[in-house]
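Structure, as structure tokens:
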Amino acid sequence: MATVLGLMVALWALGAVFGVPGRVRLVTVAVLWLAVVLAQLVLPAGATLREATGGRAEPWLVLGGVAALALGYRALLRRIRARGAVPPAPPAPGSFGAAELERYARHILLREVGGPGQKRLKAARVLVVGAGGLGSPAILYLAAAGVGTIGIVDDDVVENSNLQRQIIHADDRIGLPKVASAAMAVKALNPFVTVVPHRLRLDEATARDLIAEYDLVLDGTDNFDTRYLVNRVCAALGKPLVAAAMTQWEGQISVYDPAQGAPCYECVFPVRPAPGLVPACAEAGVIAPLPGILGSMMALEALKLLVGAGQPLRGRLLIHDGLFGETRTIATRRRPDCAACGHLSQPVV
Ligand code: ZN
């Protein structure tokens with residue numbers, strides 16, 4: 001019996017040395033095993049060949065059974081691996097997988113966006129200052145549109161009185177930091193974009209380094225210190241700024257971009273209002289959909305700037321009066337003596 005087993009091992013090893021495929025070697029060994037089993041069953045007891053190969057069929061049958069079980073188990077494992085473990089190849093950096101192509105199909109159909117524009121959106125880094133009334137729809141639409149990296153600056157927590165208009169937040173997230181609540185909403189809407197939460201209030205020390213990391217800034221804050229600071233830093237760094245403001249039933253929006261010859265915020269509003277003169281939403285009130293309209297327009301202007309479509313609101317201030325359903329646009333001028341952008345060499349247009 002040992003001789004036959006040795007012969008089987010030798011056949012297997014010789015086949016391996018000469019590069020015979022595993023399946024052929026397996027058949028050869030199986031034929032040899034079958035011949036031995038037949039010899040045990042057919043030849044009379046005491047026959048030389050039968051005695052030389054063990055004299056009994058049972059050990060060979062057990063050996064064959066064990067080998068068959070082992071081979072069957074190996075085949076089963078291979079089949080399970082082939083069925084479940086091969087993940088779809090991830091798309092190359094900068095390109096889109098099938099799910100993303102389907103998600104952005106209505107964008108890709110647009111002549112002004114198309115595949116190249118959608119790629120620019122995916123590569124873009126946009127900073128939204130304030131996750132409040134204006135920031136809520138702006139962030140949601142930037143995320144839905146596929147802007148790859150969205151930074152959100154806010155140091156507040158979600159309050160009950162925010163939910164009348166700040167639609168990115170939800171009742172069960174009252175008490176959470178607004179940046180965390182907004183990040184949860186974005187992830188639920190579009191898992192293909194990245195949110196970078198910055199839980200802080202921008203000041204002279206933090207604004208420059210933070211804004212330098214982004215291509216474009218959206219400002220929806222309701223305090224003038226931050227508003228003027230963000231404008232000055234954007235002007236100094238040459239970053240376009242989309243800023244909107246509102247109160248009660250009326251709001252305004254513009255693209256401040258002195259690097260492209262357009263006025264900055266301080267060109268248009270050179271004198272900071274005295275404290276208390278312009279009431280914030282908390283004191284004056286605001287109608288719920290108004291930040292929805294203006295925040296959506298902020299996202300629209302951002303997308304136009306990122307893909308290079310149409311005419312952004314550079315040098316134009318759009319004013320929307322919700323109470324009377326009127327929208328008008330007035331031209332704005334760059335001031336050569338502007339404290340924020342007067343030093344820039346770009347021509348005043
Ligand atoms: Zn200016």
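Read-outs: derived from the displayed coordinates by stated rules, not from any lab. Please read all numbers here as calculations on a predicted model, not as lab measurements. No Cβ is skipped: glycine too gets one built from the backbone with ideal geometry, and neighbour counts run over all protein chains shown.
Things to note:
- Selected from V193, V20, V153 as most flexible by GNM, with the chain as the system and alpha-carbon contacts under 10 Å: V20
- C-alpha long axis of helix 178-189 to longest principal axis of the chain, angle in °: 50
- Stretching the chain fully between L163 and L69 yields a gain of 27.4 nm (0.36 nm per residue, less the alpha carbon separation).
- Comparing P263, P336, P240 in a Gaussian network model of the chain, where Cα atoms under 10 Å apart are tied by springs, the biggest mean-square fluctuation is seen for P336.
- Rounded FRET efficiency, nearest 0.05, which uses the C-beta distance separating E58 from L26 and R0 of 25 Å: 0.65
- Working from Cα pairs under 8 Å separated by at least six residues, relative contact order for the stretch 100-331 is 21 percent.
- A Förster radius of 51 Å, combined with the Cβ-Cβ distance separating D209 from L323, puts the computed FRET efficiency at roughly 0.80.
- Debye intensity ratio in log₁₀ form over the Cα atoms of the chain, taken at each q of 0.07 Å⁻¹: -0.46
- Taking 7 Å steps out from each Cα toward its Cβ at D172 and E102 produces label points 2.7 nm apart.
- Leading residue at positive end of dipole, the chain (Cβ point charges), from G175, T247, I211: I211
- Using a Förster distance of 30 Å, the FRET efficiency for Q248-M184 (Cβ separation, nearest 0.05): 0.50
- Projecting label points 7 angstrom from Cα along Cα→Cβ for D156 and L41 puts them 8.6 nm apart.
- Rounded to 10°, Cα long-axis angle of helix 114-123 versus longest principal axis of the chain: 90
- For G148, the residues whose modelled amide H falls within less than 5 Å of its own, excluding neighbours fewer than 5 places apart on the same chain, are K122, A123, A124.
- The number of Lys pairs in the chain with C-alpha atoms less than 21 Å apart, excluding pairs fewer than 8 positions apart on the same chain, is 8.
- Compared with the alpha-carbon gap, the fully stretched path from L34 to A339 is longer by 100.1 nm at 0.36 nm per residue.
- Relative to the dominant Cα principal axis of the chain, helix 135-145 is inclined by about 40°.
- Rounded to the nearest 20, the size of the Cβ-charge dipole of the stretch 100-331 about its Cα centre is 760 debye, with Lys and Arg at +1 and Asp and Glu at -1.
- Cα gyration tensor category, rounded, prolate or oblate, for the stretch 154-204 with a/c compared to 1.5: oblate
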